Amino acid sequence: MSLRSANLERIDGGVFDVLVVGAGINGAVSAAALAGRGAAVALVDRADFGGFTSQESSNLVWGGFKYLENYELPLVFGLSRSRNRLMKAYPDNIKEISFLAALGEDSPYAPWFAALGATAYWGIGLFGTQRPRVFDAEEVKDEEPVIDTTSLRGAIQYQDAYLIDNDARFVFSFVRSALEAGAAVANYVEVLSAERTDGRWTVHLRDTDSGAEMTCTARTVVNAAGPFVDDVNGMWDLTTEHRIVYSKGIHLVVPRVTTSRHDRVLAFFDDTQRLFYVIPMGRRSVIGTTDTRVDTPYTEVTDEDRDFLLEQINDRLDLPEPLTRDDIIAERCGVRPLVVERGTGDQADEDWTSLSRKHEIERDDDLAVVTVFGGKLTDCLNVGEEVAEEIEALGVSLEEDQGGWYGEPPEATRKDFYRQARLMKLDSLRTKPETEPLTDRLWRRYGRRAFDMLESIRADRTMGEDVMGSADYLRVELRNAAEHEMVVTLDDFMRRRSKIDLVVRDRDIVAGEGLREVAEILFGDDAQRRLDAYLADKPSHRSRATPG
Ligand SMILES: Cc1cc2nc3c(=O)[nH]c(=O)nc-3n(C[C@H](O)[C@H](O)[C@H](O)COP(=O)(O)OP(=O)(O)OC[C@H]3O[C@@H](n4cnc5c(N)ncnc54)[C@H](O)[C@@H]3O)c2cc1C
């Protein structure tokens, strides 16, 4: 029986302390924190884990330097603290990175003033990163030759962190943690309706893949439906003090534009004086983001968005040829669910771009519902802890928080893995010299599970071969995904468990070797159907113009 089928069986007719609705970052951390502290938890998402907002972020784990512009000191302090904790808990997945912010003649701040801000930011972050630096235009050219320094006043460099793999994979690490702590978890399961009687919720669910309906009961509910929290609360007539408004943001993935050997984020003010970034993603650069008020969570990248970002970046870089739409390898597009107080429609309109990125958690004692509004990936540990507190307040007793529900395995386990990999000469199996060593890659992506992969490769060397010419995935990683990562559609693997869809062009994926084998390993007899569905969705599958 597959992992998902086994979990569906547990959910149908199951009795839980907590049902978590939505498995973006907020639902996934909530489930991991609650299950890790002994609660009986069910976690469902009507699509894939991390498959909505949480797959569209900038992949940055940051204190929010730019929020200092709005004097949001408590937010920046909280985010910086969370960033520092995440860097410590995930040393191989979350790395400190320099942000080089170029300040041109039109920039709203002079370099000396920005340097003051960067120093304050470093202090607010409790000096948890390297110290900031200031550069004049000539030094900027030495540091990052690609920056056009013609009208540059200088630059400041400050430090934050980023996710080396993608955001959705990070979300999945919390889903795995919840599973390992005993939670019943399933993707493609939608909450259709729920009734509360005698202090219990009876919840009606639908498997959106097969159409099958099921029911479970739960003492409490965590509504972590991101941009959809208000709709979900509408199901049980819950009126909250806060509500969600949407801000659309896009990213364009292009061939790497920076030439310096350091991984570094470049930051620029766009023509509207808003900061945007060039973020490294392996051999690619990700340019973004934008901030547009929209009335629906279902958005797509328009030509206007593309041309705006391309024009902004071409004006600020010294490239041999300007970037054009043809250089775009992939696109990301999502809405930030921003929290406002109910009844503040006008304020939300007026102060649009300065709306806070904070989160709010509301508890309703009568209905025993905890709702998570807004937030950032960076804030995830705080959200997990706060949700657990609220659930305890609703009468579910939890074990003491020992912090075991998050983080990479301990250093001794890591050392043991590196030793075993060295003894079997794992890195010598690598066929593409410009890619990272296999030992680093397997450990970072799979942690403890990577030990089994070594075992499989020892037993069968073909398990250590790349499956797709155009992407860096070993046969053994595919086997692992098939067994342990609840992959339902090919897109789940190509876009979220891996980031192949983000770094390889559609035409290369489709024309290259290996895609069929990927489908066969993941889906066995169902491979052709899943492959057809994936191909039918290309090239428009990255934008979501319609609900799904
Ligand atoms: C352009 C952009 C850039 C960003 N960059 C960063 C960044 O660099 N760093 C950072 O820290 N943050 C960033 N963020 C913010 C961050 O991505 C979001 O705050 C976060 O992902 C929101 O997660 P969530 O779990 O609340 O929502 P989601 O990820 O949207 O999850 C909600 C889930 O609920 C599910 N759902 C809805 N209704 C139901 C139902 N009835 N039954 C079952 N499931 C349901 C949905 O399918 C969805 O998967 C960015 C956001 C955007 C849009």
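How much length would be gained if the chain were fully extended between Arg196 and Asp318, taking 0.36 nm per residue of separation minus their Cα-Cα distance, in nm to one decimal?
Gain in length upon complete extension: 37.8 nm.
At 1.306 mPa s and 10 °C, plugging the Kirkwood radius over alpha-carbon pairs of segment 60-150 into Stokes-Einstein gives what diffusion coefficient in µm²/s? Mind showing how you got there, number by number?
Values: Rh = 14.3 Å.
Diffusion coefficient, whole number: 111 µm²/s.
Sorted by packing (mean other beta-carbon atoms within 10 Å per residue), highest first, where do 222-232, 240-250, 43-53, 204-214 land?
Numbers: 222-232: 23.7, 240-250: 19.9, 43-53: 26.7, 204-214: 15.4.
The packing order, highest mean first, is 43-53, 222-232, 240-250, 204-214.
Output the Kirkwood hydrodynamic radius of segment 355-479, Cα pairs only, in Å rounded to one decimal.
Numbers: mean 1/r = 0.0555 Å⁻¹.
Averaging 1/r across every pair of different Cα atoms and inverting gives 18.0 Å.
For the chain, report the accessible area per residue in Å² (1.4 Å probe, heavy atoms, rounded to an integer).
Details: 22510 Å² over 548 residues.
I get 41 Å² per residue for this part.
For the pair Asp401 and Glu517, what calculated FRET efficiency results from E = 1/(1 + (r/R0)^6), where r is the Cβ-Cβ distance and R0 = 56 Å, to the nearest 0.05? Before the final figure, lay out each step's value.
Numbers: r = 43 Å, r/R0 = 0.78.
E(calc), rounded to 0.05, equals 0.80.
I'm a student and want to see the number: the projected area of the Cα convex hull of the chain, averaged over all directions, in nm².
On the way: hull surface 97.7 nm².
The orientation-averaged projected area of the Cα hull of the chain comes to 24.4 nm².
Using just the C-alpha positions of segment 191-349 as equal point scatterers, what log10 of I(q)/I(0) does the Debye formula give at each q in 0.17, 0.21 1/Å?
-1.00, -1.28
Run the dipole for segment 250-305 about the Cα centre, Lys and Arg Cβ at +1, Asp and Glu Cβ at -1, nothing else charged, and hand back the magnitude in debye, nearest 20. Present the calculation step by step, with values, prior to reporting the outcome.
Details: 7 positive and 9 negative charges, 120 e Å.
Computed about the Cα centre, the dipole is about 580 debye.
Which whole-number percent of Cα pairs in segment 110-150 have a distance greater than 17 Å?
44 percent
Give me the dipole magnitude in Debye, nearest 20, for the chain about the Cα centre, with unit charges on the beta carbon: positive for Lys and Arg, negative for Asp and Glu. Walk me through the numbers before you get to the answer.
Working: 67 positive and 97 negative charges, 385 e Å.
That gives a dipole near 1860 debye.
Using the Kirkwood formula over every pair of different C-alpha atoms, what hydrodynamic radius in Å results for segment 291-413? Present the calculation step by step, with values, prior to reporting the outcome.
Numbers: mean 1/r = 0.0528 Å⁻¹.
It works out to 19.0 Å.
Of Cys216, Ser470, Gly22, which is farthest towards the positive pole of the chain's charge dipole, taken about the Cα centre with +1 and -1 on the beta-carbons of Lys, Arg and Asp, Glu respectively?
The listed residue farthest towards the positive side: Ser470.
Would you work out which of Val189, Phe52, Phe170 lies farthest towards the positive end of the dipole of the chain? Charges go on Cβ: Lys and Arg +1, Asp and Glu -1.
Among Val189, Phe52, Phe170, the one farthest towards the positive end of the dipole of the chain is Phe170.
Can you find, among Phe77, Ala412, Tyr121, the residue sitting farthest towards the positive end of the charge dipole of the chain, where Lys and Arg contribute +1 and Asp and Glu -1 at Cβ?
Farthest towards the positive end: Ala412.
In cubic angstrom, how much convex hull volume per residue do the alpha carbon atoms of segment 1-45 span?
Each residue corresponds to 73 Å³ of Cα convex hull volume.
Provide the packing ranking of 386-394, 473-481, 506-514, 448-456, i.e. peptides ordered by the mean count of other C-beta atoms within 10 Å per residue, highest first. Mind showing how you got there, number by number?
Details: 386-394: 19.9, 473-481: 21.6, 506-514: 14.0, 448-456: 17.8.
Most protected by this proxy first, the peptides run 473-481, 386-394, 448-456, 506-514.
Listed highest first by mean packing, meaning other Cβ atoms within 10 Å per residue, what order do 58-64, 24-30, 413-419 come in? Please report the intermediate quantities before stating the final value.
On the way: 58-64: 25.3, 24-30: 31.6, 413-419: 14.1.
In decreasing order of mean packing, 58-64, 24-30, 413-419 become 24-30, 58-64, 413-419.
Regarding segment 418-548, what are the three Cα extents along the principal axes, ordered largest first, in Å?
Projected onto the principal axes, the Cα atoms of segment 418-548 cover 50, 30, 23 Å.
Quick one: pull the percent of accessible area on the chain belonging to carbon and sulfur, 1.4 Å probe, ligands and nucleic acids left out. Can you show the working numbers first?
Numbers: 10630 of 22510 Å².
Summing carbon and sulfur atoms, their accessible area is 47 percent of the total for the chain.
For segment 447-514, what does the alpha-carbon gyration tensor say about shape, rounded, prolate or oblate, given a ≥ b ≥ c as the root eigenvalues, a/c under 1.5 as rounded, and a/b over b/c as prolate?
Numbers: a/c = 2.47, a/b = 1.49, b/c = 1.66.
Taking the square roots of the gyration eigenvalues as a ≥ b ≥ c, segment 447-514 is oblate.
Given Cβ point charges of +1 (Lys, Arg) and -1 (Asp, Glu) and nothing else, what value in debye, to the nearest 20, does the dipole of segment 382-453 about its Cα centre take? Walk me through the numbers before you get to the answer.
Details: 12 positive and 16 negative charges, 234 e Å.
In total the dipole reaches around 1120 debye.
Return, ordered by residue number, the residues of segment 74-97 whose backbone nitrogen is under 16 Å from a label point located 7 Å along Cα→Cβ of Ala393.
none
Rounded to the nearest 5, what % of the DSSP beta bridges within the chain are antiparallel ones? Show your work: numbers first, answer last.
Numbers: 67 of 87 bridges.
Among the beta bridges of the chain, antiparallel pairing accounts for roughly 75 percent.
Taking R0 as 35 Å, what FRET efficiency do you get between Arg449 and His262 from their Cβ-Cβ distance, rounded to the nearest 0.05?
Working: r = 31 Å, r/R0 = 0.88.
Between Arg449 and His262 the formula returns 0.70.
Provide, for q = 0.14 Å⁻¹, the log10 of I(q)/I(0) from a solvent-free Debye sum over equal Cα point scatterers in segment 214-273.
One equal scatterer on each Cα of segment 214-273 leads to -0.71.
The values are calculated or read from the model by the stated rules, or taken from the named source; none is laboratory data. Computed from a predicted model, the values in this text were never measured in an experiment. Using ideal geometry, Cβ is built from the backbone for each residue, glycine included, and neighbour counts are taken over all protein chains shown. To get the accessible areas, we keep the full protein, side chains included, count just its heavy atoms, and leave off ligands, DNA and RNA. Shrake-Rupley method; radii C 1.70, N 1.55, O 1.52, S 1.80 Å.
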